[in-house]
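To keep things clear, I will list the structure first and then write my remarks on it.
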Amino acid sequence: MNEVVEKVIAGDIRTVARLIRDIDDRMPHVRSILKALYPHTGRAYVIGITGAPGVGKSTLVDRMISYLRQRGKTVGVLAVDPTSPFSGGAILGDRVRMQRHSMDKGVFIRSLATRGHFGGVTQSTRSAIDVLDAMGKDYIIVETVGVGQDEVDVVKSAHTTVIVVIPGMGDDIQAIKAGILEVGDIFLINKADRDGSDKTMTDLRLMIDMDQKKFAEGRWKPPILKAQAVFDEGVAELIEAIDRHRAYIEETCGTLRFRQQRGRVREELVQMIKDRLVEEMIGRLIASGEFDQAVDLIADGSLDPYSACDDLVLPHLQI
Ligand code: GDP
């Protein structure tokens, strides 16, 4: 077996850190490693945490780590920032709060920023989850910054997704409503020490209940919890709710292995093919100079972007 694969399975922190960086940098050699690691995945429970910047996600994750560690569980954390490929350093800086766990061998924390690439953050996150899973982490917490479509896609890789809001975010909740309500398994109103948490609770309840799909008999009804992460309030209740959701998935799906669910498999495979094609195609066009040539022609007005796209892509499709 490949040495890297062996070391990941043995939980070697430096090897895992390097591999995750290579995933983030989309190095082609990681594919063969991921293939070899795949049979060792499928054990971890993945929790997605999303919400606008400043709502207290990293404070919350820090408390969740402590709580899960007290229960003897190992924890991996991936902090994902899909909105800004250049903030890799910044996001890591933000996660200083969690770094008190960095001496603990049962905890592994990394940021993913997918530096300078064309989308693909969802795939990078999934691959990084597979690595932490193969490494033997019991829980993997994926924290995303922001509440856009990319973040929604990222948390789809989680078994349980927690949407964090704060009191008085009424208008923002409206704005993010469309994508976010569907992916939220648990809603958490953090900073409940502030005014307005009851009103936020009522607003959220109304919105979730209006979402027709959630009415269906036997479906999971997302609980709305309150917390004060900074004072360690409500974290135990959150973990309990996650446990309940886990039991619900196991009961209704018969498995926690996403890759045994055809819908999920289909979605992941489509995404992978897309990423791979874009990567290969744009990589080739850049290497041959055709890409920059086309950019120049469009920019100086001698070519339209529609024709440029045809000129670039079509020759490669006629195999
Ligand atoms: P993130 O950007 O969502 O990860 O938010 P942070 O975890 O960095 O928290 C942003 C700020 O909110 C920090 O100053 C925290 O100390 C503070 N904070 C976190 N939880 C609470 C809470 O329950 N109540 C109050 N008042 N402040 C909190």
**Request:** Name every residue in the stretch 186-202 that is near the ligand (Cβ under 10 Å from one of its atoms) and surrounded by fewer than 18 Cβ atoms within 10 Å (Cβ to Cβ), in order of residue number.
**Result:** D193, R194
**Search result, residues across the stretch 124-171 that are within 14 Å of the ligand (Cβ to nearest atom), surrounded by fewer than 24 Cβ atoms within 10 Å (Cβ to Cβ) and at pLDDT 80 or above** = I166, P167, G168
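Tell me whether the stretch 39-49 contains one or more residues that are crowded, with 16+ Cβ neighbours inside 10 Å and of a type in the set (D, E, K, R). Give the steps one after another, and end with the answer.
Applying the first criterion (crowded, with 16+ Cβ neighbours inside 10 Å) to the stretch 39-49 yields 40-41, 44-49.
Next cut, of a type in the set (D, E, K, R) only: none.
No: the stretch 39-49 contains no residue that is crowded, with 16+ Cβ neighbours inside 10 Å and of a type in the set (D, E, K, R).
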**Item:** Segments classed as helices (runs of 4 or more DSSP H), wholly inside the stretch 1-53, with at least 3 members that are free of Cβ contacts under 8 Å to residues at least 12 places away in the same chain
**Value:** 3-9, 13-24
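So for the stretch 43-66 (the condition being more than 16 Å from the ligand (Cβ to nearest atom), within 19 Å of the chain's Cα centre (by Cα) and modelled with pLDDT under 90), does at least one residue qualify?
Residues of the stretch 43-66 more than 16 Å from the ligand (Cβ to nearest atom): 43-46.
Those left that are additionally within 19 Å of the chain's Cα centre (by Cα): 43-46.
Cutting the leftovers down to modelled with pLDDT under 90 gives us none.
Looking for residues that are more than 16 Å from the ligand (Cβ to nearest atom), within 19 Å of the chain's Cα centre (by Cα) and modelled with pLDDT under 90, one finds none in the stretch 43-66, hence no.
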**Request:** Scan M64, M27 and give me the residue that is of a type in the set (A, V, I, L, M, F, W, C) and touching a Leu at 6+ places or on another chain (Cβ under 9 Å).
**Result:** M64
**Message:** Looking at (1) outside any loop (DSSP other than H, G, I, E, B); (2) without any contact (Cβ under 8 Å) to a residue 60 or more places away in the chain; (3) not assigned by TED's automatic domain parsing to the domain that holds Y139, which one does G301 not meet, given that it meets all the others?
**Reply:** (1)
**Prompt:** Checking R246 against (1) under 28 Å from V121 (Cβ atoms); (2) not assigned by TED's automatic domain parsing to the domain that holds G196, which test does it fail?
**Reply:** (2)
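The rows are residues; the columns are (1) surrounded by fewer than 12 Cβ atoms within 10 Å (Cβ to Cβ); (2) not aliphatic (A, V, I, L, M).
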| residue | (1), (2) |
| --- | --- |
| I239 | no, no |
| I242 | no, no |
| E251 | yes, yes |
| S302 | yes, yes |
| D311 | no, yes |
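Residues are listed down the side, and each one gets a yes or a no for (1) surrounded by 14 or more Cβ atoms within 10 Å (Cβ to Cβ); (2) modelled with pLDDT under 90:
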site	(1), (2)
F215	no, yes
E233	yes, no
G254	no, yes
V278	yes, yes
Q293	yes, no
L314	no, no
**Prompt:** Is it the case that some residue within the stretch 90-110 is modelled with pLDDT of 85 or more, within 18 Å of I242 (Cβ to Cβ), within 14 Å of the ligand (Cβ to nearest atom) and touching a helix residue (DSSP H, G or I) at 6+ places or on another chain (Cβ under 6 Å)?
**Reply:** no
**Prompt:** Among (1) surrounded by 12 or more Cβ atoms within 10 Å (Cβ to Cβ); (2) within 27 Å of V121 (Cα to Cα), which single condition is I298 missing?
**Reply:** (2)
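The values are calculated or read from the model by the stated rules, or taken from the named source; none is laboratory data. These numbers were taken from a predicted model, which means no experiment stands behind them. Using ideal geometry, Cβ is built from the backbone for each residue, glycine included, and neighbour counts are taken over all protein chains shown.
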